[in-house]
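Participant: Right, I'll just put the structure down here and ask away after.
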Amino acid sequence: MSMSPRNYGLMEMSAVKEVANIGLGHATTALSELTGHSFNMDIPEVEAVALEKIPETIGDAMELFAGVYMPFEGDVEGHMAFVFPWPSAVQLWTWLLGSAPDGPEAVDELAASAMLEVGNILNSNFLNAISNMTNLSMHATPPLVSIDLGYSMVASIVANAEMQDVVALAVETRIFDLPTGATTGYFLCIPTRAGLDLILSRLGVLEVA
Amino acid sequence: MATAQQLMVGMADIKTAKSGATFTCLGLGSCIGLAAFDRESGVAGMIHIMLPEAFKDKPVEKAGKFADTGIVAMLDEMFRLGANPSRLVMAYAGGAQVFKFGNPSSTTLDVGLRNSAAVEKILKAKGFRVLGIDIGGPNGRTVTYEQATGIIKVRTVNGGEKVLCNLKG
């Protein structure tokens, strides 16, 4: 069976946003519990045309970020990441460890593993929520951490996703702490085309090609 | 003297100029920034390559995204500006693996390595002189190429800035 080149319709796109919204609700709740500070999120956006534009959409992408990248496997496969501007990463480290590295070259195993843990918790809560809703298996592979320009890391994730899988779109949104909004992060998820079709058909919204 | 024209070369972009441009590839992770120059006509170009080769089963929407289609497209543009493709000199940087902490599973491809190999193969096959290469490693790069001086600089988050080479010789 060949892969249909058709784009997703409006109903499918809004279902994608809704599914991401539910997954992210669980993820931000978990981050709030981990850090002891409330988190909220913007409504997810979907980029379905030019994935090479995504690195430009994550805030000030030319600044230093700390990011955690987690491919996922199972019935539904794909790529997901949370990336934090450096000052927000410093805040997360301070909440979790009581102190933070002075600069990118000072990120040691402890700081890196704290970021891996943040990734694990966000990731597993996001995937579990969607998995429970659709009865499809989705499980994380070990997370990877980068300390670099936001553009470098997000571009690398998009390239990896496009190289490895047939992908149709990316879901992205911003998360932020309450009440200050000073600690922000950006969420990115690029499911495989086949995995996304499976989710949409389970939800009964996959339009016939 | 006109002031230098700043050309941002975003992912999958191809930029070319007859003279006076400063090209910048910001935030190269696994991507590759490739600069080319014709010393006789002065025409220069730069491309921000994302993947090694175009997918066989998908239409190419942006030639600059792939090494195979992108390098050819950049040469065409430079040719139209008066460059002679047979006498171009080149340099490239990028192809890093920026996710350096954690244990990558076997399914995580090293796209940077593949991009580097693809660019090397294409340039070798076409017989271009390559004056500078800075690829691989764990750090992303920002590459600037000043057409007037020929100087290519590479900056990383940890390592500061260094001169890679001079395309004017």
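The values are calculated or read from the model by the stated rules, or taken from the named source; none is laboratory data. Every value quoted in this text rests on a predicted model; they were computed, and no experiment measured them. Cβ atoms come from the backbone with ideal geometry, glycine included; neighbour counts cover every protein chain shown.
Participant: Among the residues of the stretch A:2-52 satisfying the criterion of being at pLDDT 90 or above and among the polar types (S, T, N, Q), which is surrounded by the most Cβ atoms within 10 Å (Cβ to Cβ)?
Facilitator: Among residues in the stretch A:2-52 that are at pLDDT 90 or above and among the polar types (S, T, N, Q), the one surrounded by the most Cβ atoms within 10 Å (Cβ to Cβ) is A:Thr28.
Participant: Might you check whether a residue that is among the β-branched types (Val, Ile, Thr) and over 30 Å from A:Gly119 (Cβ atoms) occurs anywhere in the stretch B:96-110?
Facilitator: Taking every residue of the stretch B:96-110 in turn, none turns out to be among the β-branched types (Val, Ile, Thr) and over 30 Å from A:Gly119 (Cβ atoms).
Participant: Can I ask one more? Can you tell me which of B:Ala93, B:Ala125 is more than 8 Å from chain A (Cβ to nearest Cβ), surrounded by fewer than 16 Cβ atoms within 10 Å (Cβ to Cβ) and not charged (D, E, K, R)?
Facilitator: None of the other options fit; the residue is B:Ala125.
Participant: Still on this structure, I have one more. Could you list, in sequence order, all residues of the stretch B:128-160 that are within 14 Å of chain A (Cβ to nearest Cβ) and without any contact (Cβ under 8 Å) to a residue 12 or more places away in the chain?
Facilitator: Answer for the stretch B:128-160, where residues must be within 14 Å of chain A (Cβ to nearest Cβ) and without any contact (Cβ under 8 Å) to a residue 12 or more places away in the chain: just B:Gly160.
Participant: Still on this model: So in the stretch A:53-90, with the set limited to residues that are farther than 23 Å from B:Gly27 by Cβ and away from chain B (no Cβ under 13 Å), which one is surrounded by the most Cβ atoms within 10 Å (Cβ to Cβ)?
Facilitator: Taking the candidates together, the pick is A:Val76.
Participant: Would you pick out the residues in the stretch A:135-170 that are among the small types (Gly, Ala, Ser), in contact with a Gly (Cβ under 6 Å, 6 or more places away or on another chain) and either surrounded by fewer than 24 Cβ atoms within 10 Å (Cβ to Cβ) or more than 10 Å from every other protein chain (Cβ to nearest Cβ) (or both)?
Facilitator: A:Ser137
Participant: Next question. Can you find, within the stretch B:26-48, the residue that is surrounded by the most Cβ atoms within 10 Å (Cβ to Cβ) among those that are within 10 Å of another protein chain (Cβ to nearest Cβ) and in contact (Cβ under 8 Å) with a residue 60 or more places away in the chain?
Facilitator: Here the answer is B:Leu28.
Participant: Let me ask something else. Please specify each residue of the stretch A:45-80 satisfying the condition of being under 14 Å from A:Leu169 (Cα atoms), among the hydrophobic types (A, V, I, L, M, F, W, C) and in a strand (DSSP E or B).
Facilitator: Once the filter is applied, which keeps residues that are under 14 Å from A:Leu169 (Cα atoms), among the hydrophobic types (A, V, I, L, M, F, W, C) and in a strand (DSSP E or B), the stretch A:45-80 yields A:Val46, A:Met80.
Participant: Out of the stretch A:172-209, which residues are small (Gly, Ala, Ser) and more than 17 Å from A:Ala89 (Cα to Cα)?
Facilitator: If the condition is that a residue be small (Gly, Ala, Ser) and more than 17 Å from A:Ala89 (Cα to Cα), then A:Ala194, A:Gly195, A:Ser201, A:Gly204, A:Ala209 are the ones that fit.
Participant: Name the residue, out of A:Ile43, A:Ile22, A:Ile58, that is among the β-branched types (Val, Ile, Thr), touching a strand residue (DSSP E or B) at 6+ places or on another chain (Cβ under 9 Å) and closer than 23 Å to A:Ala140 by Cβ.
Facilitator: Of the residues listed, the single one that is among the β-branched types (Val, Ile, Thr), touching a strand residue (DSSP E or B) at 6+ places or on another chain (Cβ under 9 Å) and closer than 23 Å to A:Ala140 by Cβ is A:Ile58.
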